[in-house]
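Working notes, structure below.
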Amino acid sequence: MQIVWSAQQLKHTGTRFVRAGQIVPSPEVPERAEFILNAVGARGHTLVAPPDLGLAPILAAHDAEFVAFLRTAHETWTDFAGAGAIAMPNVHPRGANARRPSGPVGLLGWYTGDMACEITADTWAAVYGAAQAAANAARWTAERRQTTYALCRPPGHHAGHDRAMGFCYLNNAAIAAEELRRSFARVAILDVDVHHGNGTQDIFYERGDVFFASIHGDPAHYYPFFWGYPDQTGTGAGAGATLNVPFPAGSGDGPFLDALTVALAGIGRFAPEALVLSLGVDASVHDPHGRHAVSDGGFRRMAERIAALKLPTVIVQEGGYASAQLGMIVADILDILA
Ligand SMILES: [Zn+2]
């Protein structure tokens, strides 16, 4: 399988974020990609660096002012007196009457959804590299009708049309889906990360040509809390083209695979011509951050069912945090989908 990866994705290093009232070390670290690279490197796949396709694939999924903000945020931040070395928000707007401000603290709050999106001097380079990996993987899949893997890091599925959130800045899966749409009339996105892909849902919520299905821990008690409910099904032209299938917190293989069955049935009814798989493996029992209990065998059964769709597929890496098993789980899934 073609694996698309840019070394500049290692440039962003997550340092800290706030969880349950405590400042804790960020689990979204470059070692995640290195675990995966080490494991897949031993399986005979082809590693390619993505050619630069410019901003066009990114702007197909994101607001232009938001993208301009991400490119310049760190520079603007460090220009004001008393700023810390890393841009981190301390206020977020809520409600229809909130107005986009012009100063760096207000803008950072405007364009982020939580405190898990710190911006360093190299964050843009890393997220731009991940977006290029996703766009190029999709182009390869469209041209060759072959399944391709974009080793995207930082991840993307919490990033909405104009908002960074949950370690995600640019929505790599949405960028891949838009790229596929240039060649296919109907595209489905299947998100199996243990957290709901609220950013992807946001981008396609009113679209009837891109179906979004997500299986994830019940958001009533689990991040991202405000999205991922079964009655969020899309609106306007997108009515019925969003399918959320939560499972109880702490679930293992049974509820996870039952949710997958429901999601795959929805995708089957939509009858897509191509697929984006938002591949988070943080539902794993080995994951240090995800708090669920899916076994390695459970992930292999998941991959077998997705392979049975026999669709040209772009696999986009989402979550899955640094552990010795992380790379092996991803490598096993790629072997099955190859
Ligand atoms: Zn996740």
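Restricting to segment 62-93, what's the tally of residues that are in a loop (DSSP other than H, G, I, E, B) and within 30 Å of A176 (Cα to Cα)?
Residues meeting the conditions: 7.
Out of contact with any Lys or Arg (no Cβ under 6 Å at 6 or more places or on another chain), at pLDDT 90 or above, crowded, with 16+ Cβ neighbours inside 10 Å and closer than 19 Å to A135 by Cα, is that true of V48?
Yes; evaluated as a whole, the condition is true for this residue.
Filter segment 279-331 for residues that are of a type in the set (S, T, N, Q) and either open to solvent by 10 Å² or more (accessible area, probe 1.4 Å) or within 12 Å of the ligand (Cβ to nearest atom) (or both) and give the result.
Answer for segment 279-331, where residues must be of a type in the set (S, T, N, Q) and either open to solvent by 10 Å² or more (accessible area, probe 1.4 Å) or within 12 Å of the ligand (Cβ to nearest atom) (or both): S284, S295, Q317, S323, Q325.
How many residues does segment 223-243 contain that are in a loop (DSSP other than H, G, I, E, B) and open to solvent by less than 10 Å² (accessible area, probe 1.4 Å)? First the steps, then the outcome.
Step one: filter segment 223-243 for residues in a loop (DSSP other than H, G, I, E, B), giving 223-235, 239-241.
Cutting the leftovers down to open to solvent by less than 10 Å² (accessible area, probe 1.4 Å) gives us 224, 228, 241.
So the answer is 3.
Among all residue pairs at least 6 apart or on different chains, which show Cβ distances below 7 Å where the first residue, located in segment 16-42, is over 18 Å from R291 (Cα atoms) and the second is part of a helix (DSSP H, G or I) and open to solvent by 90 Å² or more (accessible area, probe 1.4 Å)?
Correct list of pairs: A39/M328.
Does R269 satisfy the criteria of being surrounded by fewer than 16 Cβ atoms within 10 Å (Cβ to Cβ) and in contact with a helix residue (DSSP H, G or I) (Cβ under 7 Å, 6 or more places away or on another chain)?
no
From the residues in segment 127-183 that are assigned to a loop (DSSP other than H, G, I, E, B) and among the small types (G, A, S), which one is surrounded by the fewest Cβ atoms within 10 Å (Cβ to Cβ)?
Selected residue: S183.
Based on this model, can you work out whether A249 counts as modelled with pLDDT under 95 and either more than 16 Å from the ligand (Cβ to nearest atom) or touching a strand residue (DSSP E or B) at 6+ places or on another chain (Cβ under 8 Å) (or both)? Steps first, please.
Values: modelled with pLDDT under 95: yes; either more than 16 Å from the ligand (Cβ to nearest atom) or touching a strand residue (DSSP E or B) at 6+ places or on another chain (Cβ under 8 Å) (or both): yes.
So A249 fits the description; yes.
Answer yes or no as to whether V262 is at pLDDT 95 or above and open to solvent by less than 60 Å² (accessible area, probe 1.4 Å).
It is false that V262 is at pLDDT 95 or above and open to solvent by less than 60 Å² (accessible area, probe 1.4 Å).
The values are calculated or read from the model by the stated rules, or taken from the named source; none is laboratory data. Please read all numbers here as calculations on a predicted model, not as lab measurements. Counting neighbours? That spans all protein chains shown, and the Cβs are built from the backbone with ideal geometry, glycine included. Heads up: the accessible areas ignore ligands, DNA and RNA and are worked out on the full protein's heavy atoms, side chains in. Shrake-Rupley method; radii C 1.70, N 1.55, O 1.52, S 1.80 Å.
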